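Take a look at the structure below.
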Amino acid sequence: MKSLFIHALLLFGLAQVSLAQHIVFLIGEREYKTAESLPAYFESDLKPAGFTATFITAPPEGEAKNDFPGLEEALAKADLCLVSVRRRAPKSSQMAALKAFANAGKPIVGIRTSSHAFHLGGKEVPEGHALWEEFDPVVLGGNYHGHYGNEPAPISIAKGAGSHPILADIGELAPTSKLYRAAPLAEKAQALLFATVEGKEPEPVAWTHTFGPNNARIFYTSLGLADEFANPEFRKFLTQAILWALNDPA
């Protein structure tokens, strides 16, 4: 009996070690208040599992909204970067650090507005700052081109994706709103979830992808509204996506 107890403790310890990963949360948007929901999610779901984190947050608006102080140093020690940014142009050194992170094969998880994170839609780029307009199609594997209104869009599992580890034991996800138009996805992308506005074609709302010469694992979901973070099933789904991106079987 004693040996079984010790064995269980060792397994628990190994699980904790496997989860001891450091995440950089890169936040720069004002529409969905992820500067509030992501730290709360980390405290409730990730920190108890052994994760550590650095939050790099730009102001919601104003002249400093394109500055992410400390990003270069934070990425140097990160195992994964979670992006929740909308239409920002980071400083050139910050953008170079993010590109180097991805090119090194480090995983990236994007939510909601990260599909248009580093694209200003034709607006002037501040001096000393940079865009990454290919971030959505090339890195995330998406094709963002606008969204629907507030119509409810029920969510369904993509054909053949039911056994994917990101979807393991996930319960019901409530219909989303302001559904993003993201089809068609990149050739290498694997759709996991779709959502459908009545009378319209289904749109992918979650998928996996790989990027670069070192095959960085990429996950993206257009979900991420405040009320979705209130759903434990969505938080579990996002956590399992993070584990998949880290290639962590725990």
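Before moving on, here are some points about what is shown:
- Top-ranked residue in the range 59-103 [being part of a loop (DSSP other than H, G, I, E, B) and open to solvent by 60 Å² or more (accessible area, probe 1.4 Å); ranked as nearest to GLU124 (Cα to Cα)]: ARG87
- Yes/no for PRO232 being touching a strand residue (DSSP E or B) at 6+ places or on another chain (Cβ under 6 Å), open to solvent by 50 Å² or more (accessible area, probe 1.4 Å) and over 20 Å from CYS81 (Cβ atoms): no
- Single residue of ALA195, ALA216, ALA186 found to be over 22 Å from SER44 (Cβ atoms), touching a residue at least 60 places away in the same chain (Cβ under 8 Å) and open to solvent by less than 40 Å² (accessible area, probe 1.4 Å): ALA216
- Flag for ILE166 being in contact with a Phe, Trp or Tyr (Cβ under 6 Å, 6 or more places away or on another chain) and either within 30 Å of ASN103 (Cα to Cα) or hydrophobic (A, V, I, L, M, F, W, C) (or both): yes
- Subset of the range 159-177 (residues that are out of contact with any Asp or Glu (no Cβ under 7 Å at 6 or more places or on another chain), among the aliphatic types (A, V, I, L, M) and closer than 26 Å to TYR148 by Cβ): ALA161, ILE166, LEU167, ALA174
- Selection from the range 120-135 of residues that are within 19 Å of PRO184 (Cα to Cα) and open to solvent by 10 Å² or more (accessible area, probe 1.4 Å): GLU133, GLU134
- Considering GLU61, GLU73, the condition of being modelled with pLDDT under 95 and over 14 Å from LEU238 (Cβ atoms) is satisfied by GLU61 alone.
- Filtering LEU223, LEU243 for residues that are part of a loop (DSSP other than H, G, I, E, B) and either touching a residue at least 40 places away in the same chain (Cβ under 8 Å) or charged (D, E, K, R) (or both) leaves a single hit, LEU223.
- When restricted to residues that are over 20 Å from GLU233 (Cβ atoms), among the aliphatic types (A, V, I, L, M) and open to solvent by 20 Å² or more (accessible area, probe 1.4 Å), the range 32-58 contains 2.
- Of all residues in the range 131-149, exactly one satisfies the criterion of being in contact with a strand residue (DSSP E or B) (Cβ under 6 Å, 6 or more places away or on another chain) and at pLDDT below 95, namely HIS147.
The values are calculated or read from the model by the stated rules, or taken from the named source; none is laboratory data. None of the values given here were measured: they were computed from a predicted structure. Note: ideal-geometry Cβ built from the backbone for every residue, glycine included; neighbour counts use all protein chains shown. Accessible surface is based on the protein model in full, side chains and every heavy atom, while ligands, DNA and RNA are left aside. Shrake-Rupley method; radii C 1.70, N 1.55, O 1.52, S 1.80 Å.
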